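The values are calculated or read from the model by the stated rules, or taken from the named source; none is laboratory data. Just so it is clear, the structure is predicted and the values come from calculations on it, not from any experiment. Here the Cβ positions follow ideal geometry from the backbone for every residue, glycine too, while neighbour counts run over all protein chains shown. Keep in mind that these areas ignore ligands, DNA and RNA; they rest on the heavy atoms of the full protein, side chains included. Shrake-Rupley method; radii C 1.70, N 1.55, O 1.52, S 1.80 Å.
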Amino acid sequence: MTEDRRTSIRLGSWMSLVVVVLVMAPSAYRAFSGTAHWGDTAMLVAGTGLAAFHATRLIRLRQAPVGPRTYQGDAQQ
């Protein structure tokens, strides 16, 4: 994976995490104040899932090897 691609994925994941938190904030406030409806609960569940997905993506990107991948089929003999 090239460094440009890694930077793009990293930036996109962080931007998505920020958007998820901003969208979930009103629902979280209503849930903690006791006036939540089923839509707020659904928003919190979906937002938590999206946040977990993007956080996992950032962690896996950090652990991924840098440079182009070589596959067994691509090796020259």
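To the nearest ten degrees, helix 38-63 and the longest principal axis of the Cα atoms of the chain are 20 degrees apart. Overall shape of the chain was characterised from the C-alpha gyration tensor. The equivalent ellipsoid obtained from it has semi-axes of 39, 12, 7 Å, in decreasing order. Of the accessible area of the chain, computed with a 1.4 Å probe over protein heavy atoms only, carbon and sulfur atoms account for 65 percent.
Take the Cβ atoms of A42 and V66, set R0 to 30 Å, and the FRET efficiency comes out at 0.15. A Förster radius of 35 Å combined with the Cβ-Cβ distance from M1 to L22 puts the calculated FRET efficiency at roughly 0.75.
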